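To start, the structure under review is shown below, and the notes come after it.
Readers should treat all values here as calculations from the given coordinates under stated rules, not as data from a laboratory. Everything quoted here is computed from the prediction, not taken from an experiment. No Cβ is skipped: glycine too gets one built from the backbone with ideal geometry, and neighbour counts run over all protein chains shown.
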């Protein structure tokens with residue numbers, strides 16, 4: 001399995017991941033590889049991208065370059081184009097576990113998602129999924145799947161529900177203090 005990780009990059013909090021799809025000359029099966037760039041990474045890199053701890057939410061742009069002749073393209077619906085898991089399944093089962101990745105948009109050769117990088121550090125398994133013609137010579141049918149990983153350092157912005165919980169707890173604490181002050185000084 002090839003790993004692709006994320007972080008902040010060229011414009012604001014964005015990282016650009018170039019995914020190259022080609023046919024293996026011997027097996028005729030679809031092969032994927034990628035390279036990425038971010039302002040903190042000293043030029044184009046291959047392999048693991050780690051989001052540093054404390055990095056705010058980052059937009060990830062996956063650009064597909066298809067040299068297979070099978071007319072590969074990103075699936076259009078978020079529920080189909082990317083599966084995300086915090087478990088060990090690789091590729092992960094259908095779904096978006098953990099709430100770290102949210103859909104922004106998808107075209108034939110560009111998928112944009114947002115990475116929260118919130119809470120504690122975590123490893124995300126994800127599968128990018130593509131439509132295309134069936135690969136008769138390689139014995140493959142669509143969807144085609146590329147399954148890199150993403151390592152979040154955590155500590156960016158807390159998940160939204162954590163902010164709501166903190167607000168509710170704070171309001172409850174203020175109400176209790178007010179009640180005890182009333183009971184103590186008024187009665």
Query - Where labels lie 7 Å past Cα in the beta-carbon direction, separation of residue 24 and residue 110 in nm - result: 3.2 nm
Report task. Starting with the fewest neighbours, write out 118, 105 ranked by other beta-carbon atoms found within 10 Å of each beta-carbon. Result -> 105, 118
Report summary line: Computed curve, the range 14-156, Cα-only Debye sum without solvent term, log₁₀ I(q)/I(0) at 0.18 Å⁻¹, is -1.05
Requested in this report: Take peptides 28-37, 146-155 and line them up by average Cβ neighbours within 10 Å, highest first, as a rough protection proxy.
Outcome: 146-155, 28-37
